[in-house]
Amino acid sequence: MLCLGTLADAAKAQSPDLGLRLMVQPWDPATDIDDVDRRIDDPRLLSRPLQEAWERGSGQLEQTLIGVLQQPDLLLQGFSLRNVRLGLTEPQLSIERLSGGGLGSAPLAMRVRYSMAGASIEFESSQPLPLVDDLLDPRCKASADIAVSFELRVGDDRTRLLRAGELAGERTISGSNFRAEGKNFVCRVVVAALDLLGVDLQGLLESRPELPAAGATFVDTADAVLQAANGAISALIEPGLQRLGAWMDAVPGGQRIAVAFGVRPRTDSSPPATIAGTLRLGHGLGLAGGTGAVIDCSALPVKVARKLGPKPILNGNGTLGDAPMQPLVITVLCAGLAQEGGPGVPYRLRGLSSEMPNYFEFDGLRTGCTQGVPWRTGIALGFVPPRAARILSGELAQTFDVGGYAMRVPCRVNALGPRTIPSEFPPIDQLVTVMRDLVTVLGARETAGQLQALNPQPLPPAPLSETLALQRELLHIQAELLRLLQGLAR
């Protein structure tokens, strides 16, 4: 018979690892930090309590099996087994997902199984012929595959995250593939009797009430061991956080259960808030003489959305998705025109959230091209001094100035050659400096896309010989600007 210590060591050596990753996302709307903190990332954290559960409970399982096999008249009237010895093979620990799992899903349920294939059973058989029993060798051998299974569940309660329970519709202790060896007279009599009468030893064993009771005791032992692990896990999860998701993933060397706790998106019933500042339109960004642009303050092109929760954790690797955003209906309160180079116009923006983070998106302004005018004017908008396009609840009392920055870009070229570009159009090195400043102002937010929106319209058809040089120069300028902006945006 294999001793329990050897069984435990063998199981540890032969079974794949089962780890646990605990991810915590303690998002607070006052700070709006989406970071996910990995509080636990242990590739064997669950292997250890499952191994301990086997070490504690397998001895009683073994004794229960022996006791059942030695019941009088177990097989047939007058046929009993005695001096039973079990040769249990090395248990293999496996785990498979049954249901649940994923983001915001029902609790993750898994089947944990200790499998012992080809366990040997040695016994002596007594039968109703005393003379035969005295003169002939009564020893027999058999083998069977034995499995012990239970449900491991990842629930919502942070204090009892891991729980063991009996599987619905399945036996905790099961046997299969029973094979009796009739190598002597007594054994052949037993095997022949079993075959003749159609006795199913596997079903006979599983019908005994002792086995379900022993299985329930083993599950209780496993649950008690898991509760010790739960205590260490719950200490790393702040009260009030909710389970966001649970995943079971294959990883090198075994499997991993990942669990995420954090804050779910919430409704916002806070009273509307207002911010105030001044709208100014700066000089023409290096263009001599400016552009003469103006902005109607009451038509300020800005959109605002409130963030209702953190970016969701999508999988066991901690990948984040898009944040839950809700557009707000805002009102711009101001009057007058902001002129380029002028003192600016006071404004107020009403309808913001006073609790949740407010995210801003400024649209660009641009004039159209008209016949005979080689320029169009584009205006990029953003907060000044430069800041992220987000305002938190604790920042609402501050002043938020908005700056508009104007530039000219050519609408089209004609057939007059490269000198069509006016002398005030800055060289490429000046454009690089200007656009770098613009990227800083806008926080590198979609600046490349904004530049493309302000780029010249497609060149009209013209004789290649008259416009080739100018087209090459313009395309070179475009390519350099886009390359620069894409690099800065990264």
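Would it be correct to say that ALA323 is assigned by TED's automatic domain parsing to the domain that holds CYS297, touching a Lys or Arg at 6+ places or on another chain (Cβ under 9 Å) and outside any loop (DSSP other than H, G, I, E, B)? For ALA323, the condition - assigned by TED's automatic domain parsing to the domain that holds CYS297, touching a Lys or Arg at 6+ places or on another chain (Cβ under 9 Å) and outside any loop (DSSP other than H, G, I, E, B) - is not met. Considering only the stretch 15-48, state which residues are of a type in the set (A, V, I, L, M, F, W, C), modelled with pLDDT of 95 or more and part of a strand (DSSP E or B). LEU20, LEU22, MET23, VAL24, ILE40, listed by residue number. Quick check on VAL409: is it more than 19 Å from ARG280 (Cβ to Cβ), hydrophobic (A, V, I, L, M, F, W, C), assigned to a strand (DSSP E or B) and modelled with pLDDT under 95? Yes; evaluated as a whole, the condition is true for this residue. Within the stretch 300-311, the set of residues being farther than 12 Å from MET325 by Cα and surrounded by 20 or more Cβ atoms within 10 Å (Cβ to Cβ) comprises just one member, LEU300. Filtered by the rule that a residue be surrounded by 14 or more Cβ atoms within 10 Å (Cβ to Cβ), of a type outside the set (Gly, Ala, Ser) and at pLDDT 90 or above, the stretch 94-106 gives ILE95, ARG97, LEU98.
When only residues in the stretch 33-69 that are polar (S, T, N, Q) and surrounded by fewer than 15 Cβ atoms within 10 Å (Cβ to Cβ) count, which is nearest to ASP17 (Cα to Cα)? Filtering first and then ranking leaves GLN60. Condition first: within 39 Å of the chain's Cα centre (by Cα), modelled with pLDDT under 95 and farther than 15 Å from PHE400 by Cα. Now tell me which residues in the stretch 332-375 satisfy that. Residues satisfying the conditions are ASP363, GLY364.
Between GLY240, GLY231, GLY292, the distinction of being over 30 Å from GLN326 (Cα atoms) and in a loop (DSSP other than H, G, I, E, B) belongs to GLY292 only. Scanning the stretch 171-189 turns up one or more residues that are modelled with pLDDT of 60 or more, assigned by TED's automatic domain parsing to the domain that holds PRO107, closer than 30 Å to LEU22 by Cα and not in a helix (DSSP H, G or I).
Residues are listed down the side, and each one gets a yes or a no for (1) touching a Ser or Thr at 6+ places or on another chain (Cβ under 8 Å); (2) at pLDDT 85 or above; (3) closer than 18 Å to ARG158 by Cα:
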{"position": "LEU194", "(1), (2), (3)": "no, no, no"}
{"position": "PRO212", "(1), (2), (3)": "yes, yes, no"}
{"position": "PHE218", "(1), (2), (3)": "yes, yes, no"}
{"position": "THR221", "(1), (2), (3)": "no, yes, no"}
{"position": "GLN227", "(1), (2), (3)": "no, yes, yes"}
{"position": "PRO239", "(1), (2), (3)": "no, yes, yes"}
{"position": "ASP249", "(1), (2), (3)": "no, yes, no"}
{"position": "ARG256", "(1), (2), (3)": "no, yes, no"}
{"position": "ALA260", "(1), (2), (3)": "no, yes, yes"}
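The values are calculated or read from the model by the stated rules, or taken from the named source; none is laboratory data. Keep in mind that this is a model prediction, so the values were computed, not measured. Cβ: placed from backbone, ideal geometry, glycine included. Neighbour counts: every protein chain shown.
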